[in-house]
Amino acid sequence: MPIVVDQYQRPLHDLRLSVTDRCNFRCVYCMPKEVYGSRFHFLPKHDLLTFDELTRAVWLFAQLGVKKIRITGGEPLLRRDLDVLIHQISEVEGIEEIAMTTNGSGLDTQRAKTLQQAGLRRVTVSLDALTDKIFKAINDVGVPVSRILSAIDAAIAAGLHPIKVNMVLKRDVNDQQIIPMARHFRHTGVTLRFIEYMDVGNTNGWRMDDVVPASEILATLQQEWALEPVAPTHPGEVARRYRYQDGGGEIGIIASVTQPFCQACSRIRVSPEGQIYTCLFCSKGFDLRRLLREDSLGDEQVMQALKSLWAARDDQYSLNRSKATGSGPKVEMSHIGG
Ligand code: SF4
């Protein structure tokens, strides 16, 4: 019996913690250089939730049913001593899994091992192309593919397996890389997930014409390999899963635009400065930091506030996506992670 459900009877299961708004990449669909240039003001350290505040937040959410933590950013590996935070969170009763989404550029063998020993169980690495020309054009900071492939190997060696690789597809940018990427990760045990380009935030100049729909991604793959659907392991799983009939492994397609999955969305997000967002496309957050720093408030009172927030939740942005909903202010993905 879930502890709390929202307006659509969706339980609270996944907490995504963005531990920094900084990133060392400038991916054109997430953190374009024109906006996040040298004059951009990132959050000062004192505005960030401390490790103790983050751990208390995890404990409070665990009382409300959260079982899975995903560490995100910005680029989470830019947050110093991240292994200390992961160790603290791993000791919170009720938390079954800690995962992390990273661009991989800071993940070497030693770092992967340290994070695994601290309690990290899985990583998702972002990689949008196999050719340096396209990948460098997307990350816009000249980081080569080889660096990310080494990070994936380091994660596998550290036992942070099964690894998932996320590839955001944008038409006429990297859609020609669908087959080369699929071919590269077949028979490796790594699950490649194709992500439809989303209208997150207000800075990436999103257009529907730039979206490569899930149906087209699947059709492209099926021209090369026979694929069969795989049943979801739990409600709220974001990717539609398929396995290669020849035993080549699995792929996933995350189709927020053309095949929305809001019906079972059990995710909540906390930004680096402690704003709670009940949907990736929210325009406004709920100030958790103020409650955490309010000496007169005990855990019970803060928990009641979180319970009311979730109980009142009625987000279904992707199901209701339209020109009207798309034009309003939305929090940036680089601020709260995917
Ligand atoms: S659009 Fe919002 S409600 Fe729908 S799946 Fe994404 S985060 Fe959940």
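The values are calculated or read from the model by the stated rules, or taken from the named source; none is laboratory data. As the structure is a computational prediction, the values presented were derived from the model and not from experiment. Ideal geometry is used to build each Cβ from the backbone, glycine not excepted, and the neighbour counts take in all protein chains shown. Surface areas here come from the heavy atoms of the whole protein model, side chains and all, with no ligands, DNA or RNA. Shrake-Rupley method; radii C 1.70, N 1.55, O 1.52, S 1.80 Å.
What to note about this one:
- In segment 242-251, the residues that are under 24 Å from C262 (Cβ atoms) and in contact (Cβ under 8 Å) with a residue 40 or more places away in the chain: E250, I251
- Exclusive hit being in contact (Cβ under 8 Å) with a residue 40 or more places away in the chain, within 15 Å of the ligand (Cβ to nearest atom), open to solvent by 30 Å² or more (accessible area, probe 1.4 Å) and among the small types (G, A, S), set S266, S283, S215, S256: S283
- Among residues of segment 218-238 being assigned to a loop (DSSP other than H, G, I, E, B) and small (G, A, S), the one that is nearest to the ligand (Cβ to nearest atom) is G236.
- Among the residues listed as R241, R289, R313, the single one being on the phi < 0 side of the Ramachandran plot, assigned to a loop (DSSP other than H, G, I, E, B) and of a type in the set (K, R): R313
- Pairs linking a residue in segment 226-238 that is among the acidic types (D, E) to a residue that is within 14 Å of the ligand (Cβ to nearest atom), with Cβ atoms under 9 Å and 6 or more positions apart or on different chains, are E237/F261; E237/A264.
- Positions within segment 150-176 being open to solvent by 40 Å² or more (accessible area, probe 1.4 Å) and more than 18 Å from V28 (Cβ to Cβ), in sequence order: S150, D153, I156, A157, G159, H161, P162, K164
- Of all residues in segment 317-330, none satisfies being of a type outside the set (V, I, T), open to solvent by 50 Å² or more (accessible area, probe 1.4 Å), more than 10 Å from the ligand (Cβ to nearest atom) and closer than 21 Å to L64 by Cα.
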